[in-house]
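**Q** Just passing along the structure, written as structure tokens.
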Protein chains: 2
Amino acid sequence: MTADVPELTAHLGYWLRQVSNHVSHAFARRVAARDVTVAEWAMMRVLYSTQPVAPSQLADEMGMTRGAISKLADRLVAKSLVARQASSTDGRAQSLRLTPQGARMVPDLAALAEENEAECFAHLSSEDRATLRRILKEAVVRLDITTTPME
Amino acid sequence: MTADVPELTAHLGYWLRQVSNHVSHAFARRVAARDVTVAEWAMMRVLYSTQPVAPSQLADEMGMTRGAISKLADRLVAKSLVARQASSTDGRAQSLRLTPQGARMVPDLAALAEENEAECFAHLSSEDRATLRRILKEAVVRLDITTTPME
DNA sequence: TATTGTTATACTCTATAACTATA
DNA sequence: TATAGTTATAGAGTATAACAATA
């Protein structure tokens with residue numbers, strides 16, 4: 001009997017993943033034209049508002065491990081978009097910030113994010129957009145999606 | 001000026017990704033107890049309904065390249081959950097199907113999918129669940145999310 | 001030549017764990 | 001010992017491209 005096994009499409013998780021993946025990939029293609037990945041953009045955007053910031057704080061804010069942050073920072077440093085700076089008071093501490101070149105790119109990348117958002121959700125009524133936002137935000141709160149992974 | 005650069009949280013894409021990632025990771029943890037990954041489960045579920053099936057057809061249905069299907073099938077074959085069979089009429093053609101062991105696992109994994117779905121979306125009203133489903137399904141249609149990637 | 005499938009290679013994203021330097 | 005950060009390693013997921021066998 002197959003009747004007792006629901007289709008993949010029976011789950012909200014399935015539809016969520018389809019749409020989310022599409023939106024992310026569409027955005028990835030856009031920023032690839034600037035030689036930047038989605039995760040790199042996210043870090044740059046956070047740095048743009050909160051600067052300079054310790055890698056460990058960034059890990060908390062972005063919900064990633066310190067190792068992942070370190071590797072991501074490496075890539076951005078190699079592209080001269082981010083700079084590391086040692087703390088003068090604590091020999092262990094580092095801080096990250098955008099280089100002038102990195103900072104200059106942020107508004108440009110933000111425009112691509114706007115473009116992507118517009119293109120992906122243009123077909124929704126403004127009411128549906130608001131509803132979708134409300135439901136997703138509620139889910140983030142209820143599912144407690146803010147915690148850094150295990151260390 | 002920072003005022004002209006919207007926060008990451010301004011975008012529906014951001015919230016979508018947060019929730020979608022959480023749901024997928026929660027499911028990944030569940031099926032990991034059965035030594036199966038999310039992509040492996042998806043292939044097993046499709047095979048359960050459509051069996052036997054050619055790798056190329058599976059690639060179309062799952063929106064993956066043939067190379068990716070081949071690699072995924074390799075893993076499932078190594079776990080004795082899927083079997084390859086050569087076509088008797090076309091020397092190039094292969095077909096994939098679940099082994100009896102693989103087929104027996106499907107209802108079990110499906111139960112984990114139900115569990116995950118319930119846990120992740122239990123907090124939503126049934127109206128919100130229906131609305132979310134409608135909006136996401138519409139998006140899949142409007143964004144034309146069905147096409148296989150480039151070959 | 002075109003098609004089916006596999007293999008080789010590469011890259012993103014992320015994790016865990018070991019390690020270094022400092023506190 | 002505890003903490004900050006980096007590095008090493010691994011693995012999922014996916015892509016592109018080259019390839020072998022067959023049609």
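**Q** I want to confirm something. Restricting to segment A:74-86 and keeping residues that are within 24 Å of residue A:111 (Cβ to Cβ) and either touching a Phe, Trp or Tyr at 6+ places or on another chain (Cβ under 8 Å) or touching a residue at least 24 places away in the same chain (Cβ under 8 Å) (or both), which single residue is nearest to DNA strand C (Cβ to nearest atom)?
**A** The extreme case among them is A:75.
**Q** Would you point out the residue of segment B:47-70, among those that are surrounded by 12 or more Cβ atoms within 10 Å (Cβ to Cβ) and within 6 Å of DNA strand C (Cβ to nearest atom), that is nearest to residue B:37 (Cα to Cα)?
**A** Start the filter on segment B:47-70 by keeping residues that are surrounded by 12 or more Cβ atoms within 10 Å (Cβ to Cβ), which leaves B:47-66, B:68-70.
In the following step, the residues that additionally are within 6 Å of DNA strand C (Cβ to nearest atom) were identified as B:54-56, B:66, B:70.
Values: B:54: 21, B:55: 19, B:56: 21, B:66: 19, B:70: 15 Å.
Within segment B:47-70, the match that is nearest to residue B:37 (Cα to Cα) is B:70.
**Q** In contact (Cβ under 8 Å) with a residue 60 or more places away in the chain and within 19 Å of the chain's Cα centre (by Cα): is that true of residue B:118 in this structure? Full working, then the answer.
**A** Numbers: in contact (Cβ under 8 Å) with a residue 60 or more places away in the chain: no; within 19 Å of the chain's Cα centre (by Cα): yes.
No, not satisfied.
**Q** Just name the residue that is nearest to residue A:80 (Cα to Cα) out of those in segment A:6-59 that are assigned to a helix (DSSP H, G or I), within 9 Å of another protein chain (Cβ to nearest Cβ) and of a type in the set (D, E, K, R).
**A** Only one residue fits best here, namely A:45.
**Q** Which one of the conditions (1) loosely packed, with under 15 Cβ neighbours inside 10 Å; (2) over 19 Å from the mean Cα position of the chain (by Cα); (3) over 24 Å from residue A:15 (Cβ atoms) does residue B:99 fail to meet, given that it meets all the rest?
**A** (1) is the only condition that residue B:99 fails.
**Q** Only one residue in B:92, B:75, B:97, B:129 is within 12 Å of another protein chain (Cβ to nearest Cβ), among the basic types (Lys, Arg) and either closer than 30 Å to residue B:19 by Cα or not in a helix (DSSP H, G or I) (or both), so which one is that? Talk me through it step by step, then tell me what you get.
**A** Working: B:92 fails: within 12 Å of another protein chain (Cβ to nearest Cβ); B:75 fails: within 12 Å of another protein chain (Cβ to nearest Cβ); B:97 fails: within 12 Å of another protein chain (Cβ to nearest Cβ).
Sole residue among the options that is within 12 Å of another protein chain (Cβ to nearest Cβ), among the basic types (Lys, Arg) and either closer than 30 Å to residue B:19 by Cα or not in a helix (DSSP H, G or I) (or both): B:129.
**Q** I'm trying to understand the selection: among the residues of segment B:80-89, which are in a loop (DSSP other than H, G, I, E, B) and surrounded by 16 or more Cβ atoms within 10 Å (Cβ to Cβ)? Spell out how you get there, then give the answer.
**A** Kept after step one, since they are in a loop (DSSP other than H, G, I, E, B), are these residues of segment B:80-89: B:80-81, B:87-89.
The one that is in a loop (DSSP other than H, G, I, E, B) and surrounded by 16 or more Cβ atoms within 10 Å (Cβ to Cβ): B:81.
A short reminder: the numbers here are calculations on the coordinates, not readings from a lab. As the structure is a prediction and not an experimental result, all values here were calculated from the model. With ideal geometry, Cβ positions are generated from the backbone for all residues, glycine too; neighbour counts draw on all protein chains shown.
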